[in-house]
1. Would you pick out the residues in region 505-546 that are under 21 Å from residue 495 (Cβ atoms), polar (S, T, N, Q) and more than 22 Å from the chain's Cα centre (by Cα)?
2. For the condition of a type in the set (Phe, Trp, Tyr), within 22 Å of the chain's Cα centre (by Cα) and more than 16 Å from ligand 1 (Cβ to nearest atom), what is the one hit in 332, 314, 280?
3. Looking only at region 23-81, which residues are in contact with an Asp or Glu (Cβ under 7 Å, 6 or more places away or on another chain) and within 16 Å of ligand 2 (Cβ to nearest atom)?
4. Of 239, 279, which residue is under 20 Å from residue 332 (Cα atoms), surrounded by 21 or more Cβ atoms within 10 Å (Cβ to Cβ) and aliphatic (A, V, I, L, M)?
5. Among the residues that make up region 290-312, is at least one of them touching a residue at least 40 places away in the same chain (Cβ under 8 Å), more than 18 Å from residue 330 (Cα to Cα) and not polar (S, T, N, Q)?
6. Within region 43-68, track down each residue that is touching a residue at least 24 places away in the same chain (Cβ under 8 Å) and at positive phi.
7. If you check residue 450 against the conditions, is it away from ligand 1 (no atom under 14 Å from the Cβ) and under 28 Å from residue 324 (Cβ atoms)?
8. I'd like to verify a number: residues in region 318-339 that are on the phi > 0 side of the Ramachandran plot and of a type in the set (Gly, Ala, Ser), how many?
Amino acid sequence: MPRSDLILLHAPSIYDFRAKTILYGPISDLIPSSPIFELYPIGLTSIAEYLGRAGYRVRLVNLAVRMLRNPNFDAEKLIKSLNSPVFGIDLHWMLHCHGAIEVAQIVKRHHPESKLVLGGLSSSYYHRELFNYPEIDYVLRGDSTEEPFRQLMECILNKKEPISVPNLSWRDEDGKVHENPLSHVPDELNDVMLHYYDHTVSLVVKHRDLSSYLPFKDWLRYPITAVLTCRGCTQNCVICGGSAAAFRNAYNRGHPAFRSPEAVARDVKSIGRITNGPIFILGDIRQPGEEYAYHLLELLGQERAKNQLILELFSPAPRELLRKMGETCPGFCLEISPESHDPEVRRACGKGYSNEDLEHTIADTLAAGSHRVDIFFMSGLPKQTAKSVMDTVDYCGFLLDRFERTVPFIAPLSPFLDPASLAFENPERYGYRLRFRTLEEHRRALVKPSWKYTLNYETQWMTRNQIVSSAYEALLRLNRLKAGHGSISKEMSEFEERRLNTAVQMLHRIDEIALSGREEEFAQIKPTVDWVNMSMASGKRELELPTTSLKLRPLSALWSLARGRSY
Ligand code: B12
Ligand code: SF4
């Protein structure tokens, strides 16, 4: 195995998930990951590519995928066998605050001389508290750490104090913690994310280790990929830790940085050489202005990508733009998240459009030839009662009646209201009651036996019990509605009904055991809880685009691709 200068590790959400009995709840039903959140941040591949260009040997190990794919995989043994002067661990999503810290402790136990770096949005938010854990040497803050990481590598390998490395919080030899300014917040992203997809393939080949680089457990069956259009956001959804306000206040970004349309189209082209799976273009392409959107669509049209493209809207769009999407991205899918059927709840979330506008957009998108429109609703929102959640499900029925090829989804805001979101920072103002705030409290909450105890919030309109029970009731109702409309098969709907009912039973059983104090009984229900956790939610299955022709490019093509680039 080639020696590394840096090994980047992605931890499972909960380190010892295979041993614990935890009912995770419907927290990952609408993303490709399992409730272990095995997907790593795209930024890890960008860091690897940028440092690769600077001459460093970087390796990536998705521990979470390896643990999920092989029940006998011994993560600690693998970590012990690794050899590198620097290890990096992402703590981007708050959900990893258990796994990331446990992995940090294992790394330091076996490699006390190596330096340990954490990064990602959640580590940036909690950087001060992270130094309470003696294993952590450095935290690289902010949304753009490629260049700061290069400077840090130079300091570590040359044994220099990183006094001038931007965005860095660090512990010196005497244990004193320093905070360098968060000053590297680039407006342009032209020198990062250049050929990171091709580069990742080259690393797979170099390390002869596909499973460490897989983005999520089932990726080989369903090779969906994503292309980022920006860092930051123009919107202010009150529950979002990546809103304009969150970026300004917590990550020192005054306005989003957009990738050029050419860079986005280049990614689509690179991905097309690796797989013909769907590609999700993340972020509303109108954020930098309509001109950008039209230019990007033009380039995508010229690309004639075979991959099905998924586009996202933050709000309803004019017919002309939707037509252009249909013309340049034939068979595209569109995603939009109105959150609630009730415009007042939607407004309280920071989104100010009407149902009429939403429905016009759905109709125009379908008329433009889109393959499908996915509509996402949520529960646990400001001004939303349990009754309002059920009314949202009724509205889903209305959409199913009125439109073809339109698929509504609903999921609870769980388990965490995002740190840095407007609602997390001003809970009273938005009607939230935070149950806890610190990193350590979140860490402990993650290993509670059910998601009801993990939730970090309640609202003025719903207690924790109501949030949980209304979530299951809404999912059961929507499942029956979809079966009634024939939009999912009878078998799929019966399976989902059984899965959700078993989840509710387990929720009550966990409450009983917790109340009785007979914790040894958790082991008896573990197989059933694991079945609920790991069997595929019907929403996840529905989100998958038709798979008949999906495939990875042959390995031989990947080899030549990898050899075509020299890093
Ligand atoms: C794109 C996106 C996604 C994509 C992820 C694609 C991917 N593989 O990265 C998808 C749609 C899959 C997704 C899913 C989820 N997301 Co999301 N997502 C976003 C979004 C819109 C952009 C994030 C982004 O990539 N920014 C670009 C930069 C910031 O990140 P990056 O390039 O990956 O990494 C850079 C830095 O973060 C840092 N870094 C990252 N890792 C590391 C590691 C080290 C060692 C170092 C030094 C640095 C470092 O350096 C990198 C390079 O400069 C944000 C909202 C926003 N506007 O930011 C939400 C956001 C990040 N997601 C969020 C959440 C909650 C989730 C989910 C948990 C939701 C859910 N329950 O399903 C899941 C988790 C998925 C999983 N791990 O399995 C929250 C996180 C809040 C928090 N602090 O925890 C955000 C802020 C807002 C939101 N609610 O959507 N998400
Ligand atoms: S949820 Fe709202 S604020 Fe957050 S990234 Fe999406 S559009 Fe931006």
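The values are calculated or read from the model by the stated rules, or taken from the named source; none is laboratory data. What you see is a predicted model, and the numbers here were worked out from it, not measured in a lab. Reconstructed Cβ throughout: ideal geometry from the backbone, glycine too, with neighbour counts over all protein chains shown.
1. Across region 505-546, the qualifying residues are 505, 528.
2. On the way: 314 fails: more than 16 Å from ligand 1 (Cβ to nearest atom); 280 fails: more than 16 Å from ligand 1 (Cβ to nearest atom).
Only one candidate passes the filter, namely 332.
3. 41, the sole residue that qualifies.
4. Values: 239 fails: under 20 Å from residue 332 (Cα atoms).
Going through 239, 279 in turn, the sole match is 279.
5. Looking through region 290-312, none of the residues is touching a residue at least 40 places away in the same chain (Cβ under 8 Å), more than 18 Å from residue 330 (Cα to Cα) and not polar (S, T, N, Q).
6. We begin by selecting, within region 43-68, every residue touching a residue at least 24 places away in the same chain (Cβ under 8 Å); these are 43-54, 56-68.
The answer is none; no residue qualifies.
7. no
8. The initial filter retains those residues of region 318-339 that are on the phi > 0 side of the Ramachandran plot, namely 331, 339.
When the remaining residues are screened for being of a type in the set (Gly, Ala, Ser), the result is 331.
Here the count works out to 1.
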